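First the structure, in the form of structure tokens, and then the observations on it.
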Amino acid sequence: MYAEELLERYKKGERLFDGRFFNGMNLSNMRLQKAIFISSDFTDAVLENTDLKHADFSDANFEGATLKNADLRFSNLFDAHLEYADLTNADLTKTNMEYAICSHTKFIGAKLIGANLKHNFIYKADFSNADLTSANFEGAYLSNVNFENAKLKNVNWKDAKIKKSKIPEL
């Protein structure tokens, strides 16, 4: 499936795109709210400034993808793979990211207000200048994570395993 075909199908009302391959595609500046991409592959795809509110990306692969300034509010990234993904300045407010893998992931300046990061594997991720107000890291594994200048008000760290990460409030 090509980007033009995806957009055309979406405009006609189709929302189910499970198990599709979008590897390396440029899907920037698109509006794909409430679309369902369960187990889809976005490896090295570009989704800059894309509106993905309320979309379902359960078990999706975003390895090396660029999602700068993407709107992912209220989306589902349950068990998603975000290794080496760039979510700089993305809005992930109230996003479910439970059991996601965030290795070498950039969340620089991102909004993760009320985001669910329970049981995440987070290694060498960068949350500098991110807003993590009321985020939930319960049971998450965090190692070598950068939280420099991040907003960490009311974050839930219950049972989180934190190693070699500098968290100002702890």
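How many residues does the range 26-49 hold that are assigned to a strand (DSSP E or B) and on the phi > 0 side of the Ramachandran plot? Count: 0. Only residues in the range 147-164 that are open to solvent by less than 100 Å² (accessible area, probe 1.4 Å) count as the first member; pair them with residues that are outside any loop (DSSP other than H, G, I, E, B), Cβ under 8 angstrom, at least 6 apart or cross-chain, and list the lot. From the range 147-164, the pairs are 147/166; 150/131; 155/136; 156/136; 160/141; 160/142; 162/142; 162/143.
Checking 84, 141 one by one, the residue that is within 13 Å of the chain's Cα centre (by Cα) and either open to solvent by 20 Å² or more (accessible area, probe 1.4 Å) or at pLDDT 95 or above (or both) is 84 and no other. Cβ separations smaller than 9 Å between residues 6+ apart or across chains give no pair from the range 94-107 residues that are over 13 Å from residue 83 (Cα atoms) and in contact (Cβ under 8 Å) with a residue 60 or more places away in the chain to residues that are among the acidic types (Asp, Glu) and buried (at least 24 other Cβ atoms within 10 Å of the Cβ). From 77, 7, grab the single residue that is at pLDDT 95 or above and among the aliphatic types (A, V, I, L, M). Residue meeting the stated conditions: 77.
Between 109, 139, the distinction of being at positive phi, in contact with a Ser or Thr (Cβ under 7 Å, 6 or more places away or on another chain) and not aromatic (Phe, Trp, Tyr) belongs to 109 only.
Here residue 126 fulfils each of the conditions (1) at pLDDT 95 or above; (2) open to solvent by less than 40 Å² (accessible area, probe 1.4 Å); (3) farther than 26 Å from residue 51 by Cβ apart from (3). Reported count of residues in the range 97-123, each being open to solvent by 40 Å² or more (accessible area, probe 1.4 Å) and not in a loop (DSSP other than H, G, I, E, B), is 5.
Just checking, does the range 8-15 include any residue being open to solvent by less than 30 Å² (accessible area, probe 1.4 Å), without any contact (Cβ under 8 Å) to a residue 40 or more places away in the chain and assigned to a loop (DSSP other than H, G, I, E, B)? No, the conditions are met nowhere in the range 8-15. Please verify whether the range 50-72 includes one or more residues that are touching a Lys or Arg at 6+ places or on another chain (Cβ under 6 Å), assigned to a loop (DSSP other than H, G, I, E, B) and open to solvent by less than 30 Å² (accessible area, probe 1.4 Å). There is no residue in the range 50-72 that is touching a Lys or Arg at 6+ places or on another chain (Cβ under 6 Å), assigned to a loop (DSSP other than H, G, I, E, B) and open to solvent by less than 30 Å² (accessible area, probe 1.4 Å).
The values are calculated or read from the model by the stated rules, or taken from the named source; none is laboratory data. Source: prediction; values computed, not measured. Glycine also receives a Cβ, built like all others from the backbone with ideal geometry; neighbour counts cover every protein chain displayed. Heads up: the accessible areas ignore ligands, DNA and RNA and are worked out on the full protein's heavy atoms, side chains in. Shrake-Rupley method; radii C 1.70, N 1.55, O 1.52, S 1.80 Å.
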